[in-house]
Amino acid sequence: MKKRQLAASLWPPLAALALLAILWQLAVSLFGIASWILPSPGRIAQEAVSGFTRMQEHAGSTIRLTLLGFSVGSCTGIAVACLLHVIPGAKRALYPLLIVSQNIPMIALAPLLMIWFGFGLLPKVIVITLVCFFPVVIATLDGFLQADPVMRSYMNMIGATRIQIFRKLEWPGALPSLFSGLKISGTYSVMGAVIAEWLGSEKGIGVYMLLARSSFRTDRVFVAIVWIVALSLVLFGLILLLERLLIRWKPASAANKERE
Amino acid sequence: MALMQERPQDGTPPAQTAPAAPCLELDGLAKSFGRGRRQVRVLENVSLTVGQGEFVSLIGPSGSGKSTILHLIGGLLPPDAGAIRMEGREVTGRKGLISYMPQSAALFPWRTIEDNAVLAREVAGLPRAESLALAREWLAKVGLAGYERAYPHMLSGGMQQRAAFVRALLSPQEFLCLDEPFGALDALTRQDMQQWLLALWEANRRSVLFITHSIEEALLLSDRVYLLSGKPTRVLRELRVPFGRPRAEDVADDPRFLELKREIYEEMKREQARQETAAREAAPPAGRFGFRR
């Protein structure tokens, strides 16, 4: 039953994708477009297969960087959200600064980080952290505010302390929100890793992309894009899985609605 | 009911032990909200007592300061004047001394029923294993056996309410505050729950303050009833319910019951009318354009 549902929800986008690929292939061969401008899907697939081992090495490096940056970034995000929520006045003072920090263009900031912290792992992790902690902070803070007022008043009436209210009511209540934030920052973090690699690295999908572009190997650029998309999807899936494991109490109907 | 023959319905209230130190005593509580012109007096000299093992109801029109009274008892708000004493000790403004059941079940959706039932004990810092054993025992007693590991959304409204009641019952504080616990239920479930609570209470006899706006519910369950006025809230009348314990299921058909019910109803209607005239006098219809300085 479940498998059939999955198949039913998967085939329309897959069919659309296949149709698009066919149109693309036809257009490239019909109009005789040079492959350094737009390679055909067939050619991209060929390159993906033949360059798989080389790509694996680059991807491995990107995956490590992504996971490290994502973990540091989301942990920072959760910690910042908790502190802003628990310390009275902290949120009002720092929330605007948080928003301002998100408007600093990463492309401008990243080279500075290289100047300050060199070409090691640290500046790259900082880049990814900056990219992905913001959605987590916002979503988590939002979740804390959504705590049911009746439950809050119940906790107050039975004499719960501030910390008890946080641990037993606000934190578990904010988990679904927190996961929405994690899903967004998970997909951002792959992009963050690629940008970090552009700024100076020996390996990684970002580096591969730069090399491919400078030698007009457009097919390889497309292969890199496919890898980035696939990695983002896998990370998204893992977060979704973790959410399912941790949040089992949601009524089935509400969970379904969310998926739609 | 078979029990009725053993205990004659003699009309005397249950013996009140130690009248000198009632379980709860509110002494001249007053409370206003807001400041200056916009100040609203919510409570005005509210005094009442709940004896040891006594079931006391508060009835009042909606919008009377019932919830404010509860918040004062719970220590969430300080009164402007007056004192709250429990067992003779002054406890005004202190939290965590009552067990409480809110209007809606307010079960935590991420906790299983048994984890919900032990919440108040957990907050009080009692050992978990013991609490869980107690919770399972009580959940079975209230007909929720087999639902210990279920999540609240899987239960019907009445079942959730029973789970919330077990949570209040298991909390270590002796004094129980029930804030319109059946207000959100449909009529039939409500009747069931009243009978259920009656039987349960008569077997356990905790001191209870029960808030309701159903006259019938108050008469059915309580030893004494306080009738509250609209804002600013005062105690209009204190009334001893003249039916013995255990209370017969058909007590609601007793002519004395019907008489009392009508009497209280009349009094509440008079109060409401008085309230409306007072409101009209306080704010005479403003001019055509509706503003008044």
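The values are calculated or read from the model by the stated rules, or taken from the named source; none is laboratory data. Predicted model, so just to flag it, every value in this text is computed and none were measured. Cβ coordinates were reconstructed from backbone atoms using ideal geometry, including for glycine residues, and neighbour counts include every protein chain displayed. For accessibility, only protein heavy atoms count, side chains too; no ligands or nucleic acids. Shrake-Rupley method; radii C 1.70, N 1.55, O 1.52, S 1.80 Å.
Arrange the residues A:219, B:80, B:115, B:27 by how much accessible surface each exposes, largest first, with a 1.4 angstrom probe.
Final ranking, largest accessible area leading: B:80, B:27, B:115, A:219.
How large is the charge dipole for chain B, taken about the Cα centre, if only the Cβ atoms of Lys, Arg (+1) and Asp, Glu (-1) carry charge, to the nearest 20 debye?
Using only the charged Cβ atoms, the result is roughly 1480 debye.
Around residue B:104, with a cut-off of 10 angstrom between Cβ atoms, what is the net charge of the other residues, counting Lys and Arg +1 and Asp and Glu -1?
Value of the local net charge: -3.
Just to make sure I understand: if all protein chains stay in place, what is the order of B:177, A:82 by accessible area at 1.4 Å, largest first?
Reading off the accessible areas and sorting them downward yields A:82, B:177.
Using a 1.4 Å probe on the protein heavy atoms only, what accessible surface does residue A:100 show? Give it in Å² to the nearest 10.
90 Å²
Got a sec? What order do B:257, A:236, A:119 fall in by accessible area at 1.4 Å, biggest, i.e. largest, first?
The ordering from most to least exposed comes out as A:119, A:236, B:257.
In peptide B:104-116, what is the residue-averaged number of other protein chain Cβ atoms found within 10 Å of each Cβ?
If you average over the peptide's residues, the count of other-chain Cβ atoms is 4.
Roughly what % of DSSP beta bridges within chain B run antiparallel, to the nearest 5?
Counting DSSP beta bridges with both partners in chain B, the antiparallel share is about 55 percent.
Near residue B:41, within a Cβ-to-Cβ distance under 13 Å, what is the net charge of the other residues, with Lys and Arg +1 and Asp and Glu -1?
Overall, the nearby charge balance is +4.
Please tell me which of these pairs span more than 27 angstrom C-alpha to C-alpha: B:31/B:95; A:91/A:183; B:95/B:261; B:231/B:261; B:31/B:261; B:95/B:231?
Violating the 27 Å Cα-Cα cut-off are B:95/B:261; B:31/B:261.
Using a 1.4 Å probe on the protein heavy atoms only, what accessible surface does residue B:253 show? Give it in Å² to the nearest 10.
Here the residue's solvent-accessible area equals roughly 110 Å².
Within 10 Å of each Cβ in A:155-168, how many Cβ atoms from other chains are there, averaged over the peptide?
Rounded to a whole number, the mean comes out at 6.
Using only helices, what value at 222 nm comes out for chain B when you add -39,500 (n - 2.57) per DSSP H run of length 4 or more and divide by the total residues, to the nearest 500 deg cm²/dmol?
-11000 deg cm²/dmol
Using a 1.4 angstrom probe and counting only protein chains, how large is the accessible area of residue A:218 in Å², to 10?
Only protein atoms counted, so the area is about 30 Å².
Roughly what % of DSSP beta bridges within the protein assembly as shown run antiparallel, to the nearest 5?
Percentage antiparallel, nearest 5: 55.
Tell me the angle of helix B:255-282 to the major Cα principal axis of chain B, expressed in degrees between 0 and 90 and rounded to the nearest ten.
The angle comes out near 40 degrees.
Going by Cα centres, the range A:103-180 and the range A:1-62 are how many Å apart?
36 Å
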